[in-house]
2 protein chains.
Amino acid sequence: MTSSPKNSGPQTNLDVDYVISYRFADSDKATAAAKFEKLCHSLSSAGLATEVRNGENHSLLLFVKVASEEHLYGEVYRSRVHDWIHGVRAAAPPKDTRTALESEPLSEAERLRIIYQLITNPEDEGGAGITPKEGEWKEVESIFALHDHSYNKDWIKQWSRVWYLKTEDLDEIRNRLGEKIAFYFAFTQSYFAFLVFPAIFGASAWLLLGNFSPLYAIVNGIWCIVFTEWWKHQESDLAVRWGVRNVSKIDVKRKDFEHEREIKDPVTGETIRIFSGTKRLQRQLLQLPFALGAAALLGTLIATCFGIEVFISEVYNGPFKTVLVFLPTGILTIVMPILTGLLTDFATRLTAFENYETHSAYEAALTRKIFIINFITSYLPIFLTAFVYVPFGSIIVPYLDVFSLTVKPFAENEKQLTSPKVGFAINPDRLKKQVIYFTVTAQVVNMAMEVIVPYLKRQGFMKYKEIQSKRAGNNGTLDVAANDPPEEHQFLKRVRNEATLSIYDVTSDLREMVVQFGYLSLFSVVWPVTAVSFLVNNWFELRADAIKICVEMQRPVPWRSDTIGPWLDSLEFLAWVGSMSTAALVFLFSDDEAGPHGTPYGIKVWGLLLAVFFSEHIFLTVRWGVRVAISKLESPGLQKERRERFMVRKQYFNESLGQLSKSPAMGESYTEISRQSLEDDARDASLSASSPESRFWSRQKGWQESAKAGTGLMEKYAAGNETKKSQ
Amino acid sequence: MTSSPKNSGPQTNLDVDYVISYRFADSDKATAAAKFEKLCHSLSSAGLATEVRNGENHSLLLFVKVASEEHLYGEVYRSRVHDWIHGVRAAAPPKDTRTALESEPLSEAERLRIIYQLITNPEDEGGAGITPKEGEWKEVESIFALHDHSYNKDWIKQWSRVWYLKTEDLDEIRNRLGEKIAFYFAFTQSYFAFLVFPAIFGASAWLLLGNFSPLYAIVNGIWCIVFTEWWKHQESDLAVRWGVRNVSKIDVKRKDFEHEREIKDPVTGETIRIFSGTKRLQRQLLQLPFALGAAALLGTLIATCFGIEVFISEVYNGPFKTVLVFLPTGILTIVMPILTGLLTDFATRLTAFENYETHSAYEAALTRKIFIINFITSYLPIFLTAFVYVPFGSIIVPYLDVFSLTVKPFAENEKQLTSPKVGFAINPDRLKKQVIYFTVTAQVVNMAMEVIVPYLKRQGFMKYKEIQSKRAGNNGTLDVAANDPPEEHQFLKRVRNEATLSIYDVTSDLREMVVQFGYLSLFSVVWPVTAVSFLVNNWFELRADAIKICVEMQRPVPWRSDTIGPWLDSLEFLAWVGSMSTAALVFLFSDDEAGPHGTPYGIKVWGLLLAVFFSEHIFLTVRWGVRVAISKLESPGLQKERRERFMVRKQYFNESLGQLSKSPAMGESYTEISRQSLEDDARDASLSASSPESRFWSRQKGWQESAKAGTGLMEKYAAGNETKKSQ
């Protein structure tokens, strides 16, 4: 298994499962040596073999592989049975370990996940207890598997040729990179496929109906519903297909979890650590001020820059106007990352404070908070334009005088700063331009950043390491490869390179897609061609992400997952808000594309509210309908699960069938028995005449006598009738 | 088991499981006799013993019991294994039939359900295929079990003494009457217990804050959410406690189901009958015109009567006013039952046309339609008063002149019919009076009707039967008991009485509770004491229903169920609509209890809409929060299920543990093995020096050598440093 063909050739990984990068630059010699010895010993205790080589910049590369395949199989079997006990698998693995592995071969992802857990799990759970950069293992810089370069090359080549990814392509990713990353690709692929419809419809609507078409708004809303509901269906289907349904419930425990007390699980008898739910709920309530604070902070920043921009571009008339126009963009570019950084940091602390037990709960909570930040930064500018600038522009703009202070130094006379109270007109193209900026320009810039920034970061990081090594006295970089055995030279060079790469975070890629979906659901009615841009963008996005994983990042640890998690809630939320924002946009702008021209007096507020109200409730009704319809769809995954569960039970049933057949069979053959026994009963009863029950039931023996007695009674009635008639 | 103490004494049921009432009045003699013979034979084939006695009014009473307990046990075991295969039970019954019955004794409800299925199931499924009043069995009037009178007496006596029902009381009902009825009592009991809070709070709010208090509205809304969410939790908990979770999925098939084609189930290999889902969906779409039609019909009727009432009581001034005031009530009392009857009939046909496969799906669909009718008849009058009469009264009332035609014959001069356009003022008490009527008077009347109407109906029915028998020529009623064996006299008299009782329908009782909940959620802000009335009413309601089941109705067949079904959706829907209607009521009436005094001009429509909008969204957010919080609660039922599932799997795990221990154990002891094997590997490798992999992994033997090599590399770095320094 370890020397499979894909690993051979010049690109061989030499059976290495994981590489541990151990940096000793910041520790004193004796401690570093003692810890390294402990590291080797711990790994060996967990059943792992080790080899050490020189790393770059005061680091060692410790190569790790499983010492014996037997041991690995045992671990795999344990993990599978554990899954089954906790309800992840419907069918139990065959009782024989070998058979189990043959009937369901080990995928690379499963192998790497189990070995990673062997390295990182605490010692009392049979692992080596190595926690990178944490606690006593702060010298352990990273633990990473090696890229399979020949496979990666094939992968990228293949994807660049096809238009559409099949489920088998996703299966392949799942087998290589684990379910969590496979779910990202599956989601993006589904989204990409679904985009074809709004792209075509949107382009036609744009040509035939123009912007702010109510018809487009309705179709787009329904599309959002169908897509989210269908993805939910697809997701659970894939989870079953990949055997990870419910896996989020048995998620890896967090090491930082602080328990209040320990109790015995009433079910399994295991000791479980408890943190009071009420206490956590109290801590979770802090999310409310956090959300308000984030909204206030980011909102103020965005609104201020927005105001300055409007002031300079539409009020101000002095010198340097062409340069000053970029002032707000400059402020945003500098201040926004700092603010979001601070808020993200705060969100992380808050989530840590909420003290979740499992990684997935922690991540879900963090994702929710990050979504709030994203929602504000991504959509607030457009909301401001559509619902503040356009309707209230004429009223607000005069107050923007306050910004004249900003440009005072440049003004030549007071007149240039006086706002033209009469004659000011809102810029009717502003809204559309902004939407186009966010849905086209920003997307392209973003994708470029995704490829370029990590590259620069990596270069910078390598530089930093070099400097640090130099400070340690000697230019070690020259020596590193000197003692390499010649046949390992190429291999070690590659490993040293991979050691410097960043760690891939699938969440940020997912976030990007969800934010993109938001533009579609919230604002695409402004510019219906939006989906076309997204369609093109996402074709490249999928490939760029694949390249990013292969080239820019360390090979990710193949974690499992059964869902895209809290992003699903975000999707639903965006679709919902979309039903309202779209209705409001159509109401405000559909008569006249420029909207209310800066004066709110022409707006019928009750009409606006009524439109939003109806749109939302129609949305909710349709969603309910779509949900019911989709739940009726047969899913191959669920069918598989049902089959497996049925098989387990059928087998049991067959085993106990022997017992059952001892009890009397039913049907015609039974009549004899029952009559026999009945007559016996009756005879017994008449002999002893014991109870009223036996006397009651012995008056008619067998069904023939009942039938006869009944006929008799009926005849008596008839006879009575005739008697009466004759009287 | 059959001769348990509760059946002994003068109230004994003589081991009778079911009584089949066979009426031959409408059939000719020969057919009746032949069919009766077939009936006895079919029952006997299904393993049932029979006895026949005279019934009242040209009917026979065929007593049925299971011929042998062995046969019954076999059936019970089959049913339990079937449940387990389809996922209703988490744990399989023990493989030995006897052990299975001992470990989980047969409850009376289970026994009666299984025997009922033996009687009614088609012959190819091992039953006798008797379908009362249907197809070839139209002479079979009813199949009913006998009341356990001594138990019933104890039950009523006990309940009349206690204030609160414990879970054990509900368990008892479940064991006697089956889960479906037990769920009704459990729901009503939970609802009753939850009512204590709004009763106290509502009474205080009424005293301190008056009507239309926003605080009361908020608290009431939250209470509605907590109650519905808590009931959902409680329901699934009870379903597990009673072992019926998922039972609705394996529900009894409908006999009237028409399949389009037959396919083999890909999972179980059983033949299943298919009706196209798309076709059903198309048919289901007819619900939309149905709902609109029902709304239009009932709405017109209610609005017309409402208009007439307003006209007569507030505009009309002529003679007979005191009498004419009752005209609209009269119209409603006569026309409403006819209309709802027609609509219910139509709903039933529509549901039948939708062609559901199972009883529960059919019932759910029917319930949804009936809920629409109920919603209109129960709440529309109040909606009309609050949102039409009060705000638009002054505008609409003049148009009510059209009704002057109705009263023209009574008018003495034209003046009496002229609407007082000036001086008309809406009746400010109307809304409150109406709410009080629906929440107090109607409830009391309703409960009285529940006890009195069935009694009258029964008397009437008996009379009708008597007349029919008389028409058949002979006064049979006199003869019926003449030939009874003296010791059976009392018993047969009782059975003949029970044969005339109606069949209990739990759905109508549930509907009553749900409609009541609707008044609380939709309108209680008008009169916050509402909950006090309901609290008192429901204490009696629970007892009255128990009495009704025991005295007025035949013993119900103990059907299973795992939920109160679609009523749950109705509850959620009512709570949701309540969040909107309450906000609107508070907005319109809280300034001045008389509201807008009939003129809409003072109403800020955008304010009203905004209030509704915010209230609804706060409602949805709170509901989401409550849902999350309640999902965190530990439930004893789910814990039980988890334990059972765990035990099944644990057992399996233990069985396969022998296999597992053959693979190497982990931890310290393993090091030796791994080192040994590693060294062997290494030696092999150096001997053959075959692959680059083996050469790579054989450079360091065991963890000690890796550690030493690592220390060596680190020292080399340090040495390099010193060399450099000394240079």
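Among the numbered conditions (1) modelled with pLDDT of 90 or more; (2) among the charged types (D, E, K, R); (3) not assigned by TED's automatic domain parsing to the domain that holds A:R511, the only one that A:E179 does not meet is (3).
Contact map, region B:504-533: residues that are closer than 16 Å to B:Y191 by Cα paired with residues that are outside any helix (DSSP H, G or I) and aliphatic (A, V, I, L, M), Cβ distance under 7 Å, separation 6+ or inter-chain. Pairs shown: B:L510/B:I564.
Contact map, region B:536-550: residues that are under 15 Å from B:A186 (Cβ atoms) paired with residues that are β-branched (V, I, T) and part of a helix (DSSP H, G or I), Cβ distance under 6 Å, separation 6+ or inter-chain. Pairs shown: B:L542/B:T188; B:A546/B:I156.
Which is outside the structural domain of A:Y464 (by TED's automatic domain parsing) and at pLDDT 90 or above, of A:V81, A:V64? Give the derivation first.
Details: A:V81 fails: at pLDDT 90 or above.
Only one candidate qualifies: A:V64.
Filtering region B:190-224 to residues that are in a helix (DSSP H, G or I), touching a residue at least 12 places away in the same chain (Cβ under 8 Å) and among the polar types (S, T, N, Q) leaves B:S190, B:N220.
Of the residues in region B:94-115, at least one is surrounded by 20 or more Cβ atoms within 10 Å (Cβ to Cβ), under 30 Å from B:H58 (Cβ atoms) and not polar (S, T, N, Q). Within region B:159-176, can you find the residues that are polar (S, T, N, Q) and at pLDDT below 90? Of everything in region B:159-176, those that are polar (S, T, N, Q) and at pLDDT below 90 turn out to be B:S160, B:T167. Within region A:293-346, the set of residues being touching a Ser or Thr at 6+ places or on another chain (Cβ under 8 Å), part of a helix (DSSP H, G or I) and hydroxyl-bearing (S, T, Y) comprises A:T340 only. If you go through region A:251-292 and pick out every residue that is among the hydrophobic types (A, V, I, L, M, F, W, C), at pLDDT below 80 and either in a loop (DSSP other than H, G, I, E, B) or closer than 18 Å to A:A347 by Cβ (or both), you end up with 2.
A quick yes/no check of all residues on (1) modelled with pLDDT under 75; (2) away from chain B (no Cβ under 14 Å); (3) in a helix (DSSP H, G or I):
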{"site": "A:V444", "(1), (2), (3)": "no, yes, yes"}
{"site": "A:V453", "(1), (2), (3)": "no, yes, yes"}
{"site": "A:K463", "(1), (2), (3)": "no, yes, yes"}
{"site": "A:E466", "(1), (2), (3)": "yes, yes, yes"}
{"site": "A:G473", "(1), (2), (3)": "yes, no, no"}
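There is at least one residue in region A:3-15 that is in a loop (DSSP other than H, G, I, E, B), of a type in the set (D, E) and modelled with pLDDT of 85 or more.
Any idea which of A:V612, A:V586, A:V577 is touching a Pro at 6+ places or on another chain (Cβ under 8 Å), at pLDDT 90 or above and surrounded by 16 or more Cβ atoms within 10 Å (Cβ to Cβ)?
Numbers: A:V612 fails: touching a Pro at 6+ places or on another chain (Cβ under 8 Å); A:V577 fails: touching a Pro at 6+ places or on another chain (Cβ under 8 Å).
None of the others qualify; the one that does is A:V586.
Look at B:S68 and say whether it is at negative phi, among the polar types (S, T, N, Q) and surrounded by fewer than 22 Cβ atoms within 10 Å (Cβ to Cβ). Spelling it out, B:S68 is indeed at negative phi, among the polar types (S, T, N, Q) and surrounded by fewer than 22 Cβ atoms within 10 Å (Cβ to Cβ). Figure legend. Inter-residue proximity from region A:632-652: first residues within 15 Å of A:W84 (Cα to Cα) and assigned to a helix (DSSP H, G or I), second residues among the aromatic types (F, W, Y) and modelled with pLDDT of 75 or more, beta-carbon distance below 9 Å, spacing 6+ or different chains. Indicated pairs: A:R649/B:W84.
Can you find a residue in region B:334-354 that is at pLDDT below 85, surrounded by 14 or more Cβ atoms within 10 Å (Cβ to Cβ) and over 25 Å from B:F438 (Cα atoms)? Within region B:334-354, not a single residue is at pLDDT below 85, surrounded by 14 or more Cβ atoms within 10 Å (Cβ to Cβ) and over 25 Å from B:F438 (Cα atoms).
For region A:367-388, the set of residues classified as in contact with a Lys or Arg (Cβ under 7 Å, 6 or more places away or on another chain) and hydroxyl-bearing (S, T, Y) consists of A:T385 only.
Candidates in region B:421-438 are the residues that are of a type outside the set (F, W, Y) and assigned to a helix (DSSP H, G or I); of these, the one that is modelled with the lowest pLDDT is B:R430. Of all residues in region A:28-63, those that are of a type outside the set (A, V, I, L, M), at the interface with another protein chain (Cβ under 7 Å from one of its Cβ atoms) and part of a strand (DSSP E or B) total 3.
The values are calculated or read from the model by the stated rules, or taken from the named source; none is laboratory data. All of these numbers come straight from a predicted model, not from anything done at the bench. Glycine also receives a Cβ, built like all others from the backbone with ideal geometry; neighbour counts cover every protein chain displayed.
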